[in-house]
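Have a look at the structure below, then the notes.
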Amino acid sequence: EAGVTQFPSHSVIEKGQTVTLRCDPISGHDNLYWYRRVMGKEIKFLLHFVKESKQDESGMPNNRFLAERTGGTYSTLKVQPAELEDSGVYFCASSPGAVFEYGYTFGSGTRLTVV
Amino acid sequence: AQSVTQLDSQVPVFEEAPVELRCNYSSSVSVYLFWYVQYPNQGLQLLLKYLSGSTLVESINGFEAEFNKSQTSFHLRKPSVHISDTAEYFCAVSLMDSSYKLIFGSGTRLLVRP
């Protein structure tokens, strides 16, 4: 079974530019999550999709961040325009159900550096 | 609000020595507890979890964690570490009434030296 795939693995962009991160979950996993880790701090929840619907987007920092999951398969997270404080590692995870029962499968993350 | 505290950002230890990675949480509702591990250039992997029952839980690679409700702790221990245990370890909680979201601590980097 293929795991959760994220790309790019690294991205360096200038302040004010746009970046799009992509996540391919495990096939058949209806639940897809985005998390972010900034500057070695805790990993923070951004949002949760169930199929193509946003179930919980309470962690999205502001309206410069836009997440989509068209067709309930892969997801994209766009940052437009990027700011310096957006630098960090963005993790995607997927699961077939609740975390206590199934756990998450995480991708390796995208390291975003805004200069 | 719920939070998870990992007091040690980095723990250096010699190979074959015991280690304890500390985790405390704060929550007004009941939680499930997890430890995840991230090896270099890989995603986070579930190491072990506590849902209910026996307060001592074990992983397949020799780690164990004990849930202490009175101290709201879930410390991770291993009696004898290997070089291959070098990784970053994250403690996390999931609220029982919101079982899709994880709240993570800031991580502890375990450095095992020969």
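Every read-out reported here was derived from the displayed coordinates using simple, explicitly stated rules and does not represent laboratory data. Here the structure is a predicted model, which is why all the values come from computation and not from measurement. Quick reminder, even Gly has a Cβ in these numbers, built from the backbone with ideal geometry, and neighbours come from all protein chains shown.
Figures for the structure shown
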| quantity | calculated |
| --- | --- |
| Listed pairs A:Lys15/B:Lys49; A:Lys44/B:Lys78; A:Lys78/B:Lys69; A:Lys54/B:Lys78; A:Lys41/B:Lys49 exceeding 31 Å between Cα atoms | A:Lys15/B:Lys49; A:Lys78/B:Lys69; A:Lys54/B:Lys78 |
| GNM top mover of B:Ser80, B:Ser54, B:Ser30 - chain B, alpha-carbon springs below 10 Å | B:Ser54 |
| Cα coordinate range in the protein assembly as shown, projected on the principal axes (Å, largest first) | 48, 38, 36 |
| Selection of GluC sites (Glu not before Pro), region B:1-96, meeting DSSP coil and at most 15 other Cβ within 10 Å | B:Glu15, B:Glu16 |
| For chain B, alpha-carbon Rg and Dmax in angstrom | 13.6, 44 |
| Chain B: relative contact order as a whole-number percent, Cα under 8 Å and 6+ apart | 37 |
